[in-house]
1. Whether any residue in the stretch 17-31 is small (Gly, Ala, Ser) and under 30 Å from Pro136 (Cα atoms) is what I want to check.
2. Among the numbered conditions (1) of a type in the set (Val, Ile, Thr); (2) within 30 Å of Glu10 (Cβ to Cβ); (3) more than 13 Å from the chain's Cα centre (by Cα), tell me where Val46 comes up short.
3. Can you tell me which residue is surrounded by the fewest Cβ atoms within 10 Å (Cβ to Cβ) among those in the stretch 1-51 that are of a type in the set (Lys, Arg) and closer than 30 Å to Gly101 by Cα?
4. Of all residues in the stretch 123-138, which are surrounded by 14 or more Cβ atoms within 10 Å (Cβ to Cβ) and either without any contact (Cβ under 8 Å) to a residue 40 or more places away in the chain or not in a loop (DSSP other than H, G, I, E, B) (or both)?
5. Scan the stretch 90-122 for residues that are within 16 Å of Arg13 (Cα to Cα), open to solvent by 70 Å² or more (accessible area, probe 1.4 Å) and free of Cβ contacts under 8 Å to residues at least 60 places away in the same chain and report the count.
6. Could you grab me the full set of residues in the stretch 65-89 that are farther than 26 Å from Glu129 by Cβ, open to solvent by 80 Å² or more (accessible area, probe 1.4 Å) and in contact (Cβ under 8 Å) with a residue 12 or more places away in the chain?
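The values are calculated or read from the model by the stated rules, or taken from the named source; none is laboratory data. Owing to the predicted nature of the structure, the values given are computational and were not obtained by experimental measurement. Note that each Cβ is placed from the backbone with ideal geometry, even for glycine, and that neighbours are counted across all protein chains shown. Accessible surface areas use protein heavy atoms only, side chains included; no ligands, DNA or RNA. Shrake-Rupley method; radii C 1.70, N 1.55, O 1.52, S 1.80 Å.
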Amino acid sequence: MSERLFTPAEVNRLIPRLTELVEAAQERHRQALALQGRLREDRARVAASGGERIDSREWKARAERLDGLGIEVRQLLQEIAGMGGVTKDLAMGLVDFPGPGPAETGGATVNLCWKLGEDAVAFWHGMNEGYANRKPLP
């Protein structure tokens, strides 16, 4: 089965939804990191105090919320993948879409590289390259 190739115009039409998905995934990820930090602090406090008791209901609720946030992030990333995108760096908001390369590539498949905050896909890089190798689309 061949991989779908996107034109820049096709990716541009996806940007409003991509923006919503990436922003939501970033926010859930930030929440998860903060909650993970609180849980780690609780464990350290208990260890340092020689076994201080923690409200187990509160601990369980936090742990369940952390699990839920992880599930939500994965679902958001799966939706991006379902659109044909590959999330390369959630913190930066980088999403690649395979597309036909410019003439200089001999038409080889490249990654059309979009970053959160960009109004349109304007860069590409080789399939084995990353963000540091982005080149402007012709």
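1. Just the residues of the stretch 17-31 that are small (Gly, Ala, Ser), to begin with: 24-25.
This time we only want the ones that are under 30 Å from Pro136 (Cα atoms), so: 24-25.
Within the stretch 17-31, one or more residues are small (Gly, Ala, Ser) and under 30 Å from Pro136 (Cα atoms).
2. (2)
3. The initial filter retains those residues of the stretch 1-51 that are of a type in the set (Lys, Arg), namely 4, 13, 17, 28, 30, 38, 40, 43, 45.
Subsequent filtering for residues that are closer than 30 Å to Gly101 by Cα retains 4, 13, 17.
Values: Arg4: 10, Arg13: 12, Arg17: 12.
Among residues in the stretch 1-51 that are of a type in the set (Lys, Arg) and closer than 30 Å to Gly101 by Cα, the one surrounded by the fewest Cβ atoms within 10 Å (Cβ to Cβ) is Arg4.
4. Filtering the stretch 123-138 down to residues surrounded by 14 or more Cβ atoms within 10 Å (Cβ to Cβ) leaves 123-126, 129-131, 134-135, 137.
If the condition is that a residue be surrounded by 14 or more Cβ atoms within 10 Å (Cβ to Cβ) and either without any contact (Cβ under 8 Å) to a residue 40 or more places away in the chain or not in a loop (DSSP other than H, G, I, E, B) (or both), then Phe123, Trp124, His125, Gly126, Glu129, Tyr131, Arg134, Lys135 are the ones that fit.
5. Here is the first cut: in the stretch 90-122, the ones within 16 Å of Arg13 (Cα to Cα) are 95-99, 112-122.
Restricting the remaining residues to those that are open to solvent by 70 Å² or more (accessible area, probe 1.4 Å) gives 119.
Then drop every residue that is not free of Cβ contacts under 8 Å to residues at least 60 places away in the same chain, which leaves none.
Of the residues in that region, 0 qualify.
6. Correct list: Arg65 only.
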